[in-house]
Amino acid sequence: MSNNEQIILENIFSRKSVRHFIHEAVSKERLELLMKAGMAAPSANNKQPWSFIGITDRTIMDYLADGLPYAKMLAQAGGAIVVCGDMNKIDPNKKDFWIQDCSAATENILLAAEGVGLGAVWTALYPYKERYSVVQGKLSLPDHIIPLCIIPIGQPTGVDLSKEKFKSENIHWNKW
Ligand SMILES: Cc1cc2nc3c(=O)[nH]c(=O)nc-3n(C[C@H](O)[C@H](O)[C@H](O)COP(=O)(O)O)c2cc1C
């Protein structure tokens, strides 16, 4: 295996959900780099039906940490990215693809964060109205913008570790 191949696979295998952060801001430049990685994701018919909101404001992070029980780590994170589907960019005949497209963008952001030494975790908003409405309200999102998830991002403390997930029984060759 080439050095390059090894580095890329190492990044994929070492990615983990990071929920514990050193209290330190993440710069807009860093967040923008991660959003750029998100935009490099594949999307059905190359519709790119996404929109990203970078959050650096401490009061907004704390408000969302309070209102989102499954994203409490926002209180320690140094920044966050909300990955949204833009209903004005979707193909009406293939409505549900926005979720897969935005999920691909989200995974790209998680991998890029790991690659630049940051920690991040996917926290679900959509399809839970009680979760995504908190974000829609606080960030004044127009009706056609649906937040799929919010990704708290920061300097990892080091306690969160990657998990071994390989299971040979999950692989089938040529037939079940
Ligand atoms: C669709 C989706 C929703 C998730 N929602 C949450 C969440 O709301 N809060 C959270 O702490 N983690 C959430 N996670 C992270 C998972 O718990 C995590 O990926 C899983 O436990 C595997 O751990 P790993 O990411 O470290 O490999 C979510 C992950 C996915 C893919």
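Determine which member of the set GLU5, GLU10, GLU29 is among the charged types (D, E, K, R) and closer than 30 Å to MET87 by Cα.
That would be GLU29, the only listed residue that is among the charged types (D, E, K, R) and closer than 30 Å to MET87 by Cα.
For LYS47, state whether it is farther than 18 Å from TYR132 by Cα, surrounded by fewer than 18 Cβ atoms within 10 Å (Cβ to Cβ) and away from the ligand (no atom under 16 Å from the Cβ).
Yes: the conditions hold for LYS47.
Please work out if MET61 is over 19 Å from CYS102 (Cα atoms), hydrophobic (A, V, I, L, M, F, W, C) and in contact with a Pro (Cβ under 6 Å, 6 or more places away or on another chain).
no
What number goes with the only condition from (1) more than 16 Å from the ligand (Cβ to nearest atom); (2) surrounded by 12 or more Cβ atoms within 10 Å (Cβ to Cβ); (3) without any contact (Cβ under 8 Å) to a residue 12 or more places away in the chain that ASP66 does not pass?
That leaves (1) as the condition not met.
Pick out the one residue from ALA113, ALA105, ALA124, ALA71 that is in contact (Cβ under 8 Å) with a residue 24 or more places away in the chain, within 11 Å of the ligand (Cβ to nearest atom), assigned to a helix (DSSP H, G or I) and in contact with a strand residue (DSSP E or B) (Cβ under 7 Å, 6 or more places away or on another chain).
It is ALA71.
Does GLU114 count as in contact with a helix residue (DSSP H, G or I) (Cβ under 8 Å, 6 or more places away or on another chain) and of a type in the set (Asp, Glu)?
Values: in contact with a helix residue (DSSP H, G or I) (Cβ under 8 Å, 6 or more places away or on another chain): yes; of a type in the set (Asp, Glu): yes.
Taking the combined requirement at face value, the residue satisfies it.
Answer yes or no: is there a residue in segment 152-160 that is in contact with a helix residue (DSSP H, G or I) (Cβ under 7 Å, 6 or more places away or on another chain) and closer than 26 Å to ASP66 by Cβ.
Within segment 152-160, the first condition is being in contact with a helix residue (DSSP H, G or I) (Cβ under 7 Å, 6 or more places away or on another chain), and the residues that meet it are 152-153.
Subset that is closer than 26 Å to ASP66 by Cβ: 152-153.
Yes - at least one qualifying residue is present in segment 152-160.
Return the only residue of LEU161, LEU141 being within 13 Å of the ligand (Cβ to nearest atom), of a type outside the set (D, E, K, R) and either buried (at least 18 other Cβ atoms within 10 Å of the Cβ) or in a loop (DSSP other than H, G, I, E, B) (or both).
When all the criteria are applied, what remains is LEU161.
Has segment 80-87 got at least one residue that is away from the ligand (no atom under 15 Å from the Cβ), of a type in the set (Asp, Glu) and over 14 Å from VAL18 (Cα atoms)?
Among the residues of segment 80-87, at least one is away from the ligand (no atom under 15 Å from the Cβ), of a type in the set (Asp, Glu) and over 14 Å from VAL18 (Cα atoms), which makes the answer yes.
Any read-out appearing in this document is the output of simple, stated calculations on the displayed coordinates, not a laboratory observation. None of the values given here were measured: they were computed from a predicted structure. Cβ: placed from backbone, ideal geometry, glycine included. Neighbour counts: every protein chain shown.
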